[in-house]
Amino acid sequence: MVVAIVSLKFSPGHIAHLIAYYKMFKELGGKVKLIVNTQYKDFFDENNDIIYVNSNQDIFKEISPDIVFSYNISQYNIKLALKCKFKKIPFYYVLHEPYPGIKEIIKGKQVFLSLIVSIVNAIICSLSSKVLLASKNGVVHYEKRMKWLNKNYCLFPLIFDDSYINSNEKRKYFLFAGAFTYYHGCEDFLKFVKYS
């Protein structure tokens, strides 16, 4: 089975996750290809399993996958999801931030951008074989506002590759990865800091 892990939009905060998913699918016995935006070139070591593409490039000219696993939002995912549907290839979409509702959007600073992101996410979700939600909070918001788009969804927490496992280096710090927003659990993080 050939698994394509796709990140058409460059987002350096997702590199650790992309590597972890790559290793996970490899461990499961799949032939795995990372198909990522060319801007990732400086962040990955040389690897024959990595294919660099422009965001709007047709990935099917590079590979014939059995499954496409799309890791982050990009307007180009709409075209990719449509091609997968046409070719009968399962398209799994990791939805990081479900639509929070208009009240939450207008509280933010980038209202127009948030609305566009919500629309793109909605279209991608409706075209997906399955929507993977990264947190329990994400599941709650998805069920409240987006479930009607695609009833085939599940909780699939983010995974990390622990590069320190075989290291003698002591960890001194912990980190909040991502935007410091309610949807990423910033309140829980602050409670943890206080507790620690």
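The values are calculated or read from the model by the stated rules, or taken from the named source; none is laboratory data. What you see is a predicted model, and the numbers here were worked out from it, not measured in a lab. Backbone-built Cβ (ideal geometry, glycine too); neighbour counts: all protein chains shown. Accessible surface areas use protein heavy atoms only, side chains included; no ligands, DNA or RNA. Shrake-Rupley method; radii C 1.70, N 1.55, O 1.52, S 1.80 Å.
As for the range 50-71, it holds no residue that is surrounded by 15 or more Cβ atoms within 10 Å (Cβ to Cβ), within 27 Å of Phe160 (Cβ to Cβ) and out of contact with any strand residue (DSSP E or B) (no Cβ under 8 Å at 6 or more places or on another chain).
Of all residues in the range 77-93, those satisfying the criterion of being open to solvent by 80 Å² or more (accessible area, probe 1.4 Å) and of a type outside the set (D, E, K, R) are Leu82, Phe86. Within the range 90-99, which residues are in contact with a helix residue (DSSP H, G or I) (Cβ under 8 Å, 6 or more places away or on another chain) and of a type in the set (A, V, I, L, M, F, W, C)? Correct list: Phe91, Leu95.
Residue under question is Val32, and the condition is that it be touching a Pro at 6+ places or on another chain (Cβ under 7 Å) and either of a type in the set (Asp, Glu) or surrounded by 14 or more Cβ atoms within 10 Å (Cβ to Cβ) (or both); does it hold? Full working, then the answer.
Details: touching a Pro at 6+ places or on another chain (Cβ under 7 Å): no; either of a type in the set (Asp, Glu) or surrounded by 14 or more Cβ atoms within 10 Å (Cβ to Cβ) (or both): yes.
No; evaluated as a whole, the condition is false for this residue.
Just need a number here: residues in the range 101-120 that are open to solvent by 40 Å² or more (accessible area, probe 1.4 Å) and either part of a helix (DSSP H, G or I) or among the aliphatic types (A, V, I, L, M) (or both). Matching residues across the range 101-120 total 13.
If we keep just the residues of the range 121-152 that are basic (Lys, Arg) and assigned to a helix (DSSP H, G or I), which is farthest from Asn72 (Cα to Cα)?
Initially, the range 121-152 is screened for residues basic (Lys, Arg), giving 130, 136, 144-145, 147, 151.
Filter once more, keeping what is assigned to a helix (DSSP H, G or I): 136, 144-145, 147.
On the way: Lys136: 18, Lys144: 21, Arg145: 20, Lys147: 19 Å.
This residue is Lys144.
Considering the conditions (1) assigned to a helix (DSSP H, G or I); (2) surrounded by 15 or more Cβ atoms within 10 Å (Cβ to Cβ), Lys41 is excluded by exactly one of them, (2).
The single condition from (1) touching a helix residue (DSSP H, G or I) at 6+ places or on another chain (Cβ under 9 Å); (2) open to solvent by 50 Å² or more (accessible area, probe 1.4 Å) that Gly13 fails is (1). Within the range 153-196, the set of residues being at pLDDT below 80, open to solvent by 100 Å² or more (accessible area, probe 1.4 Å) and not in a loop (DSSP other than H, G, I, E, B) comprises Tyr182, Glu187.
Checking each residue in the range 121-145 for being crowded, with 19+ Cβ neighbours inside 10 Å and out of contact with any strand residue (DSSP E or B) (no Cβ under 8 Å at 6 or more places or on another chain) picks out only His141.
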